[in-house]
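Heads up: the structure comes next, in structure tokens.
The values are calculated or read from the model by the stated rules, or taken from the named source; none is laboratory data. None of these values were measured; they are calculated from a predicted model. In this analysis, Cβ positions are derived from the backbone assuming ideal geometry, glycine residues included, and neighbour counts consider all displayed protein chains.
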């Protein structure tokens with residue numbers, strides 16, 4: 001059974017910070033993708049995704065970040081992934097996500 005993922009948001013002037021916690025897999029991606037795509041909107045300059053509490057990320061999660069990146073780029077928003085834990089960072093690097101989206105590890 002998949003551990004639920006939680007999303008918290010903190011808005012600032014033209015910057016939106018969100019934090020993902022839990023497991024990011026095919027099940028949780030399906031549940032949160034529509035909301036995440038809706039955050040990439042005109043007027044948001046930066047979308048910061050804090051992954052410090054992310055315990056698992058598979059290829060579905062990596063693909064979500066790439067789709068979110070392209071959605072953000074299409075509306076002039078910069079996507080930044082920060083505090084990526086070691087194991088999810090390894091998955092993202094192995095799948096080549098770091099060639100599309102720069103991120104900082106925790």
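Is it the case that region 75-90 has a residue that's in contact with a helix residue (DSSP H, G or I) (Cβ under 6 Å, 6 or more places away or on another chain) and surrounded by fewer than 17 Cβ atoms within 10 Å (Cβ to Cβ)? Scanning region 75-90 turns up no residue that is in contact with a helix residue (DSSP H, G or I) (Cβ under 6 Å, 6 or more places away or on another chain) and surrounded by fewer than 17 Cβ atoms within 10 Å (Cβ to Cβ). Within region 42-52, is there a residue that is at pLDDT below 85 and more than 18 Å from residue 82 (Cβ to Cβ)? Yes, region 42-52 contains at least one residue that is at pLDDT below 85 and more than 18 Å from residue 82 (Cβ to Cβ). Taking the conditions (1) within 21 Å of residue 104 (Cβ to Cβ); (2) out of contact with any strand residue (DSSP E or B) (no Cβ under 7 Å at 6 or more places or on another chain); (3) at pLDDT below 95 in turn, residue 17 satisfies each one other than (2).
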